[in-house]
Amino acid sequence: MVELTKEQIQFIDHRLENEGIKYWDVRIEMLDHVVSDVEKRLEKDQEFKKIVNNSFISLGWNGSFEDLNKQGWKNANKGHRKIYLQGFIDFFKNYLNLLVLGFFLLGIYFLSEVLLHKTFLKVSYGVFLSPLMLCFYLFFKTRKKKYGKSVHRYYAFFYLMLSFILLNVVMNFMKVGGDFAFPIIYHKPILFFILPLHLILVHAGYGVYKSAIGKVEHMRKQLLS
């Protein structure tokens with residue numbers, strides 16, 4: 001098996017980037033696969049660029065890297081989605097988490113009994129939005145590290161924010177007097193379900209964030225080494 005030179009590896013990398021693989025972490029994973037395949041195919045009397053082209057074709061290239069790019073995103077999302085779902089399930093396997101959840105529900109119930117309904121809704125919305133402070137902190141923290149266009153960084157924040165995106169619609173239907181508001185009688189039961197669910201999903205999203213950013217850091221260290 002012939003080992004590729006640094007210049008040949010850069011040629012493959014530049015071709016991937018120039019033809020649409022803009023997110024560097026997806027490109028690196030594709031590059032590893034292509035380099036390994038080309039090294040297996042390449043013989044000293046064969047043309048390097050032709051072998052590279054054949055390797056791309058074997059991966060499904062049909063004149064562009066659009067399909068490969070989509071597949072790279074799908075593969076990344078598949079792994080992060082699995083971590084997200086597993087994080088949600090694992091939350092209920094921890095007795096301390098269940099204890100905290102119980103106290104949280106008791107606190108919400110107590111507030112619903114002692115506060116006026118409109119005030120309770122405002123407090124509930126404040127609880128719902130409170131994890132945004134963590135999200136903003138993590139956003140600026142990662143921005144300072146200049147990770148560039150990274151698909152894993154994208155999914156780190158996508159899953160961290162997913163609960164806000166999905167459940168904020170329900171929270172907006174809590175407005176008293178709104179055209180599409182839920183009847184007041186349903187507000188408390190819905191909030192008792194939505195608020196803990198939201199916080200558990202944010203907890204699972206944070207697990208995805210740590211895993212994804214850890215992967216980005218590992219890949220970047222490999223590039224710099």
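The values are calculated or read from the model by the stated rules, or taken from the named source; none is laboratory data. This is a predicted model, so every value here is computed, not measured. Heads up, the Cβs are rebuilt from the backbone with ideal geometry, glycines too, and the neighbour counts pull from every protein chain shown. What goes into the accessible areas is simple: the full protein's heavy atoms, side chains included, and nothing from ligands, DNA or RNA. Shrake-Rupley method; radii C 1.70, N 1.55, O 1.52, S 1.80 Å.
Going through 93, 22, 118, 70 one at a time, which residue ends up being of a type in the set (Lys, Arg), modelled with pLDDT of 85 or more and within 28 Å of the chain's Cα centre (by Cα)? Write out each step before concluding.
On the way: 22 fails: modelled with pLDDT of 85 or more; 118 fails: within 28 Å of the chain's Cα centre (by Cα); 70 fails: modelled with pLDDT of 85 or more.
None of the others qualify; the one that does is 93.
Yes or no, residue by residue, for (1) closer than 18 Å to residue 212 by Cβ; (2) open to solvent by 100 Å² or more (accessible area, probe 1.4 Å); (3) in contact with a Phe, Trp or Tyr (Cβ under 8 Å, 6 or more places away or on another chain):
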{"residue": "26", "(1), (2), (3)": "yes, no, yes"}
{"residue": "37", "(1), (2), (3)": "no, no, no"}
{"residue": "46", "(1), (2), (3)": "no, no, no"}
{"residue": "75", "(1), (2), (3)": "yes, no, no"}
{"residue": "106", "(1), (2), (3)": "no, yes, no"}
{"residue": "119", "(1), (2), (3)": "no, no, no"}
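Would you be able to tell me the number of residues in segment 150-176 that are in a loop (DSSP other than H, G, I, E, B) and either of a type in the set (Lys, Arg) or within 20 Å of residue 193 (Cβ to Cβ) (or both)?
The number of residues fulfilling the criteria is 4.
Please enumerate the residues belonging to segment 41-67 that are at pLDDT 80 or above and aromatic (Phe, Trp, Tyr).
48, 56
Of the numbered conditions (1) at pLDDT 80 or above; (2) in a loop (DSSP other than H, G, I, E, B), residue 3 fails exactly one; give the number of that condition.
(1)
Kindly establish whether residue 221 is within 20 Å of residue 23 (Cβ to Cβ), assigned to a helix (DSSP H, G or I), open to solvent by 40 Å² or more (accessible area, probe 1.4 Å) and in contact with a helix residue (DSSP H, G or I) (Cβ under 7 Å, 6 or more places away or on another chain).
no
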